[in-house]
Ligand SMILES: [Zn+2]
């Protein structure tokens, strides 16, 4: 099966993806530094490799997917000193929240999720290798500790990913106070620590690893040198990914490139500004899941190409509620898709059996639209994972499903049409399923989705299910006693609360708009 073309940051060009080993594709993604609650940017950074891995697997590839957890870091230490919680228990707690939220968000578990605290041996070994190769040097600190620095000058390829030149970088570098470093661009592989400080033993005494070295050490441990695809946010290109390349390739000068493809996802902007700690405009995943379904967040982020910026807007309503209009809109689309699938299923129940007969000309336009939508989605995914096209195709398929159901409704007594429509209904349903599998959408059944979104929307509006149910029961009683004025009044009261009713042979079903 054809594999996608991926825009490779290394070459600044789209390149057809061909695995190094046809038996196994290796994908590494830089995971979070776990010192705080995950935010929308984390969701986006996890989504891109998740879709890549799903799509490659759907194309018949065996993929090993690695996403690390940075559980040793100065930010974790600083937060732990503020809160009094030991650093590794703080990071373990945050890592658990991250994992739970990524699950809810529909991301696959990576095959390996290595933590720094469990890979000190590999990190120390790689640092020692770099020292032996003359690419790293030891700095003795006045307090008696020893740091190890990577010598940027020792690696001629430095700047290849970010396309920066060393002399330009040096001009841009802040005036370095640290006179023990040989070059202002040199970065720490190992930071010495005093006996009472957070650290681990090493050949250079007690200390902690620098940030960049962990990804070089852990990717090598699980995927080997020269693996296929390295993913991460655009903000990591420099210096993090540049440094990963320098470390890995300086340690094995004759082993070729550290990673073959580099794919980078764009930023999430909140109210037109880049989301950042200093602006305090972080939207946490918990905030979003309070108001919206995880499927809606996924749809929203997928509707933009992974390399483009996502505009995440917030709006404060007159009642003080903060909403995310873009995610609300996405949620309405997910509602529509589920409702369309529900209608297709209704078409397939009862005595209608799909048969392989000719669809006939009166359904030809719908069949054509459904096939076009699948082909367009596949083309989009092959073209650098253009999920926005695939998401639009799901919309087309939902429209095709409704058109089909409407046509059957209009000719309710046409048994032949129903039988032919059932064949097409199965095809549309399967096409929706195929695209949803690539995107990781529709992981919950329609029933589960409807129940959980209804509960969430009721909670957001301060409505209790009991209150709604009581009014529905009262309306049914009014209808039974033919008190239609009262029944209409009750319905209007519910409408005013945002609740809509649908009377079915099995009873009244209620829902709440986003
Ligand atoms: Zn990394």
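FYI, it's all coordinate maths here, none of it is from the lab. Values in this document were obtained by computation on a predicted structure and should not be read as measured data. FYI the Cβ positions are ideal-geometry reconstructions off the backbone, even for glycines, and counts take in every protein chain you see.
Points worth noting:
- Packing order of peptides 113-121, 358-366, 329-337, 209-217, highest average first: 209-217, 329-337, 113-121, 358-366 (average count of other Cβ atoms within 10 Å over each peptide's residues).
- Estimated distance in nm for a label pair at residue 133 and residue 412, the labels positioned 7 Å out from Cα along Cα-to-Cβ: 7.5
- For the chain, the longest principal axis of the Cα atoms and the long axis of helix 120-132 meet at an angle of about 40 degrees.
- Here the peptides 288-296, 247-255, 44-52, 485-493 are ranked by packing, the mean other Cβ count within 10 Å, and the order with the highest first is 44-52, 288-296, 247-255, 485-493.
- For the range 421-499, the gyration tensor built on C-alpha atoms gives an oblate shape. Its axis ratio a/c (a ≥ b ≥ c) is at least 1.5, and a/b is not larger than b/c.
- Extension gain from residue 82 to residue 392, taking 0.36 nm per residue of separation minus the Cα-Cα distance: 107.0 nm
- Degrees separating the helix 211-223 axis from the principal Cα axis of the chain, which is the longest one: 70
- Using R0 = 30 Å, the C-beta based FRET efficiency linking residue 466 and residue 513 works out to 0.90.
- Relative contact order, whole percent, for the range 35-116 stands at 46, derived from Cα pairs under 8 Å and 6 or more residues apart.
- Three-way shape label, the range 100-232, alpha-carbon gyration tensor, a/c 1.5: oblate
- Overall form of the range 223-370 per C-alpha gyration tensor (a/c, 1.5; a/b vs b/c): oblate
- Length-normalised contact order of the chain in % [C-alpha pairs under 8 Å, at least 6 apart]: 14
- Length gained when the stretch residue 140-residue 430 is fully extended (0.36 nm per residue, less Cα-Cα span): 98.0 nm
- Projected label distance in nm at residue 459 and residue 11, using a 7 Å step from Cα toward the beta-carbon: 4.8
- Nearest-ten-degree value, helix 446-460 long axis tilted from longest Cα axis of the chain: 80
- FRET E, pair residue 482, residue 111, Förster distance 45 Å, beta-carbon r, rounded to 0.05: 0.10
- A Förster radius of 35 Å combined with the Cβ-Cβ distance from residue 501 to residue 97 puts the calculated FRET efficiency at roughly 0.40.
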